[in-house]
Amino acid sequence: MTPSPASVNPTPPSDTLTRAVRSFNRFYTQRIGVLSSYLGSDLSLTEARVLYELSGLDQPTASELGAILALDAGYLSRILRRFEKKGWLARVPSPADARQNLLALTPSGRALTDSLQKKSDQETAALLATMAPVAQHKLVSAMNEVQRLLTPANAPPATRTVVLRDPQPGDMGWVVQQHGEIYATEYGFNNAFEALVAELVARYLKNFQPDFEKCWIAELEGKRVGAVFVVRKSATVAQLRMLILTAEARGLGLGGRLTDECIAFARSKGYKKMSLWTNSCLDAARAIYARRGFQLTDSEPYSDFGCSLVSETWELRL
């Protein structure tokens, strides 16, 4: 834990405080097992973090990735070259600047990242399982406070950590509210759309199948900023539903990250296909789906929610 120079107090801390922070760093890195390799792979912690950021960002340039991770350009370049040799990374020319390349994980790179994410989730869950529920919440609360204290007040959003968590009481009401407010403000939908979302959320809660369905709530610095759902449509088809992001969470690659979580979950549960329903006016969401291999399979004009719209069905073979 090293505070940003911009946040350093003009009064130097005591040696006792400095040693206490260093002691915690040593304890925590040993406790989570990242001193040699990451989760038993041949990746270092830094390489794994680069993979993680690439999975969540929407085709960044190398310079953008380096700025987010605060990595030396030469060091990052060597990591990216290794990823290319392994077949995990592809570069495509930027349409905005031919001198730069955009970075994107290949299917094998995304599969590797998904497997590491799953293993990391399992090991973290195993760590938390050693504690009573009250202690679990106390630990996470303390971690959030550490993160808040170490984040400079003027830090750009891209440098802030996003947490994806399971829903808690009150979250579903927030999901309905955000859909109602955002779609009314940005697309002119009336309250019939909010009513539809409320029905979908109520159905999810009443009929929830934990072995085959899941919801993620995204938090930015402890504040809810997004959500997405996977529901069971049939024994072989999963449905992605109600992907939502607040304005402050956009531009961080979070929409892609939430979608990737849905795809990885569906594959882990043995689904053969993932489908979703959307509207043609949702350009940002449609771009996320297309980049991940979803195909538009049906399109039809209709009138609802006080608007003239075009419904779309997208599908992905898993």
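The table below lists the values:
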quantity: Restricting segment 52-83 to residues that are β-branched (V, I, T) and out of contact with any Pro (no Cβ under 9 Å at 6 or more places or on another chain), the residue that is farthest from S115 (Cα to Cα); calculated: T61
quantity: Per-region count, segment 259-307, residues among the hydrophobic types (A, V, I, L, M, F, W, C), in a strand (DSSP E or B), touching a residue at least 40 places away in the same chain (Cβ under 8 Å) and under 27 Å from K118 (Cα atoms); calculated: 1
quantity: Residue tally, condition within 18 Å of R317 (Cα to Cα), assigned to a strand (DSSP E or B) and not basic (K, R), over segment 230-254; calculated: 6
quantity: Helices (runs of 4 or more DSSP H) fully within segment 14-120 counting 1 or more residues that are modelled with pLDDT under 80 and surrounded by 12 or more Cβ atoms within 10 Å (Cβ to Cβ); calculated: 15-31, 45-56
quantity: Selected residue (criterion: modelled with the highest pLDDT) from residues of segment 121-143 that are farther than 30 Å from L65 by Cβ and polar (S, T, N, Q); calculated: T130
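The values are calculated or read from the model by the stated rules, or taken from the named source; none is laboratory data. Quick caveat, the model's predicted, so the values are computed rather than measured. Methodologically, a virtual Cβ is constructed for each residue, glycine included, from the backbone with ideal geometry; neighbour enumeration extends over all protein chains shown.
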